[in-house]
1. Excluding residues on the same chain fewer than 8 positions from A:K141, give the lysines whose Cα lies under 28 Å from its Cα.
2. Ignoring ligands, DNA and RNA, what accessible area per residue does region B:107-194 give at 1.4 Å, in Å²?
3. Would you mind checking the pairs A:K202/B:K96; B:K7/B:K208; A:K88/A:K310 and listing those with alpha carbons more than 26 angstrom apart?
4. Could you work out the Kirkwood radius for region B:255-304, taking every pair of different alpha carbons, averaging 1/r and inverting it, reported in Å?
5. Nearest 100 Å² is fine: how much accessible area is buried between A and B, summed over both sides, with a 1.4 Å probe?
6. So how strong a dipole does chain B carry about its Cα centre when Lys and Arg Cβ are +1 and Asp and Glu Cβ are -1, to the nearest 20 debye?
7. At a 1.4 Å probe, what is the % contribution of carbon and sulfur to the accessible area of region B:237-280?
8. Other chains near B:72-84: what is the mean number of their Cβ atoms within 10 Å of each residue's Cβ?
Amino acid sequence: MTTRILTVSTLKMFVRNKQSLFFTLFMPFIFIGIFGLIGFDKPQVIDVGVVAQAPSAMTQTFIDALGKISVFKIHRGTAATEKAALQKGDRDAVFILPNDLMPNPTTTSAPVTQTVTVLQNIARAQQAQTAITILNQLLDKTTLQAAQAPTLFNVDIQSVNAKSVKYIDFLVPGIVAMSVMQMAVFSVAFVFTDYKEKGILKRLLATPMKPQQFVAAQVMTRLLVAIVQTFILLLFGMLIFHTHVYGSWLLIFLLVLLGALMFLGLGFTISGIAKTVDAVPAIANIVVFPMMFLSGIFFPTSSMPAWLQKIVTYLPLQPFATALRNVVANGDGFMAIRTNLLWMTGWAIVLITLAVFTFRFEEKRV
Amino acid sequence: MTDAIIKVTDLKKVYGEFTAVDGVTFEVRQGETFGILGPNGAGKTTTMEMMEGLKMMSSGSVILDGKSVAKHVREVKSIIGVQLQASSFFDYLSLKELVETFGALYGQKVDAMELLREVQLEEKAKSQVKELSGGQKQRLSIAVALVNKPKVVFLDEPTTGLDPQARRNLWDLIGIIKKRGVTIVITTHYMEEAEVLCDRIAIMDHAKIIALDTPLNLLKLADGGATIEFHINKPIDVAGLKGLPGVDDAKSEDHVVFLKSKVPALALPAVFTFAQQAGVTIQNLQMQQPTLEDVFLKLTGRRLRE
Ligand SMILES: Nc1ncnc2c1ncn2[C@@H]1O[C@H](COP(=O)(O)OP(=O)(O)O)[C@@H](O)[C@H]1O
Ligand SMILES: [Mg+2]
């Protein structure tokens, strides 16, 4: 009876605490909303500056052909203005074309090699590179045509309907994993340090209650919250952004329970280390922030340097987020995510053990 | 004494080099209100928390209701009620929910409203702790200490920091609990509080108990007796006053007379008769009984509060 009533009271306290609710629901709502609305799925546009003072008719045709390429947005200007625009970051690449880039088919003189100068924006190297590749292809094709060589290859592109995994499908499960982490770490770290500082834990010790009962009630409350939180956030994604849950809900909840356990261990460890509530955010953020940004929550880790990817793979959030994403967005089953589950179990054991050693309910026995 | 509910024997608490409680021995009788009076840092809280099973004892023993606190902590905790010197309660719970939650910690269902009514917090049942005044917080703290219908209630400086009105209010409440036959152990550094509330008082200083007795007997230790002070309309024969029965000493300054008397009941009528015969009118008479403050001063050479 004691544990049941304690759990109910703890749940009431959790729900009435605005700070916990912020980490649990409000912040993930905002993240999903903002990143969902930015919509990284829209085709990317590459801003290309084209400089050609007085292009010949054929060169102008070539420039028009460039303009027909859908990813290009063509800006015309002088070498000086376009270079300035590039420096400002408004261009990804600038092509400087000689006026008679294209040979005039009516002239019979032997064609000369023309040089196109490309200025690329290093800060947007990926886009610049794409622009250069397309330019090269276009020029090659023209060369072949001019040489009247036969076409040897033809690429036939067919569209096939696939399970469409959009950015938002990638994002939502990651945000769920992240917010379960935030909830578990912060709600425990803040609340228990506060109880310790205010002498509430001492007051509890003056009753015949076993400390384990109190901790059990706190843990059970958080596990319940994690389940409800996951459900609400996934539902939010489905209703507002038309995301899908392809995998089994049961597996999702099991994953979330394991993830929450792992981070509850971390939360208790932090409140074991922190002497005052003021120290909690400092300690917690050192641990939580790197994981938040490096564990592939917002962007795939493949865009990070290899060594960093390696490190991050072993931090607790990454296997959790990856497994959750694979189940939610990919419909993976238990066997497909077992390596991640193994890592999570390992972390859960390590963090809970750490919590047992650092967290003291009772006063140090002097 | 056979009716002792608590027996404290040679209790000691050592923090490294520092001895916070240095071998105290005393008994608390069934149903009495037992005070521990002493200045800040005397070791009152440490003594009490060892009795409550909250702090480990360095040596010595506490037997409460026949059970050793060191060996049977949980049984002892279930029959005592505790108000800590500095403790707050959960936020985000109403007082009613809070009292019920604490009941659950004792494995008991409690009538929270009834308890809150007893401490006059009924109309605050739906409020949260942060909305309470200092006095109300202390009353809540007492209500929570009573959830398990304890045999012994420990109150650690329950009125420190309260205004006089709230303090008197709390004294009344403690009086009601006492009337029910609950044994109360209370610490304080207000001698007036100890005098009003306690059946017996242990005076503690520098980790030791330096005196233990009923307030009346303790007051006898301050052997100066009462001070009587009055105004007169014309000079009076001071030597004659000194010779009166019950008067130990007399002096006069301006139009004010100061007398010392161990038996004011004898001295006062004699003084009035003497003045009447001399044709002197007595005005503004005040009498100051010795206080525990004087006792403490006498025992230690220091004032209780500095
Ligand atoms: N955990 C501790 N470590 C070291 N010294 C302590 C500790 N707790 C209390 N003390 C010291 O023990 C002495 C008695 O403290 P306490 O029992 O709280 O006094 P009181 O309640 O009479 O004001 C004080 O000098 C205090 O500083
Ligand atoms: Mg104290």
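1. Answer for A:K141, where 28 Å is the Cα cut-off: A:K68, A:K73, A:K83, listed by chain and number.
2. 43 Å²
3. Cα-Cα > 26 Å for A:K88/A:K310; rest within.
4. 13.1 Å
5. Interface between A and B: roughly 2800 Å².
6. 580 debye
7. The computed percentage sits at 57.
8. 3
The values are calculated or read from the model by the stated rules, or taken from the named source; none is laboratory data. Here the structure is a predicted model, which means the values were calculated and not measured. Methodologically, a virtual Cβ is constructed for each residue, glycine included, from the backbone with ideal geometry; neighbour enumeration extends over all protein chains shown. Calculation scope for accessible area: heavy atoms of the full protein, side chains included, ligands and nucleic acids excluded. Shrake-Rupley method; radii C 1.70, N 1.55, O 1.52, S 1.80 Å.
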